[in-house]
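What follows draws every value from the coordinates through simple rules; no lab data is involved. On a predicted model such as this, the values are computed, not experimentally measured, just so you know. Here the Cβ is made from the backbone with ideal geometry for all residues, glycine too, and neighbour counts use every protein chain on show.
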Amino acid sequence: MPKITAIQRQKRNPHRYSIFVDGEFAVGVDEQVMVDLGLRPQQSVNTETLEQIATEEQISQVRAAAMRLLEYRPRSRGELTRRLHQQGFDSQTISRVIDRLVELDLVNDERFARQMIQSLTRSRNLGKQAIFEKLRQAGISRELAEAVIEQELADYDESQQAREAVEKYLPRLADIEPASQRRRLYGYLRRRGFSYEVIRQVIAAVGNGE
């Protein structure tokens, strides 16, 4: 049966080791993988053992990549999955790693969605539709996005938000004739996620000088 003939620390990364089987390089592994699997020189290995080493090494790489992304900022499960796919990792390993991160509460879509809504409504004048779309773009499921918006924005005054948005935008339209001004305002408010009814009321108020 093949044996591990040498385990050598890699020069470029002291936390990684090269595993040699019967005198030939077999696989590179993270230090933690080597410890977890109890790899040692003269240990007998078969195909199943080598496959296990490769699997654990892949999990280790995905976990490290996920933690680097999370250290930068919180992310939803969907976004984290997408970013890890972009780095070339396979779906099964990604799902396994993220399941564990969810268990550890390092990934929590509901908390992420609530924090995102609080940030958006604190710093920007947006309609609920725009907030919903931003949650979806961030990887939040439709069902969760709708539920959290309903809870977090129960008292959200879209009309007031639209009026404040218009007040900030109107100075740019000072030299534009009224019809064009109304069209520009409509497009601006639609892009910010306000409903037709809210936009109609706000633009009518502007036209009446309110």
Report task. For residue 3, go through the lysines and keep the ones whose alpha-carbon is under 19 Å away, minus same-chain ones fewer than eight residues off. Result -> none
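Return the equivalent ellipsoid semi-axes of the chain as a descending list in whole Å, where each equals the square root of 5 times an eigenvalue of the C-alpha gyration tensor.
57, 16, 12
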Query raised in the report: How much length, in nm to one decimal, is gained on full extension between residue 55 and residue 190, taken as 0.36 nm per residue of separation minus their Cα-Cα distance?
Result: 43.7 nm
Requested in this report: Measure nothing but the geometry: give the 0 to 90° angle between the long axis through the Cα atoms of 47-72 and the longest principal axis through the Cα atoms of the chain, rounded to 10°.
Outcome: 30 degrees
Query raised in the report: For region 69-184, what's the relative contact order in percent, using C-alpha pairs closer than 8 Å and at least 6 residues apart?
Result: 26 percent
Report task. Taking the Cβ of residue 168 as the centre, find all other residues whose Cβ is under 15 Å away and add up their charges (Lys, Arg: +1; Asp, Glu: -1). Result -> +4
Report summary line: Tilt, helix 158-169 to longest principal axis of the chain (alpha-carbon atoms), in degrees rounded to tens, equals 80 degrees
Report summary line: Net charge (Lys, Arg +1; Asp, Glu -1) of residues whose beta-carbon lies under 13 Å from that of residue 141, residue 141 excluded, is -2
Report task. Taking the Cβ of each residue in 197, 56 as the centre, tally the other Cβ atoms inside 10 Å and list the residues starting with the fewest. Result -> 197, 56
Requested in this report: Determine the calculated [θ] at 222 nm for the chain from helices alone, applying -39500 (n - 2.57) to every DSSP H run no shorter than 4 residues and normalising by the residue count; nearest 500 deg cm²/dmol.
Outcome: -19500 deg cm²/dmol
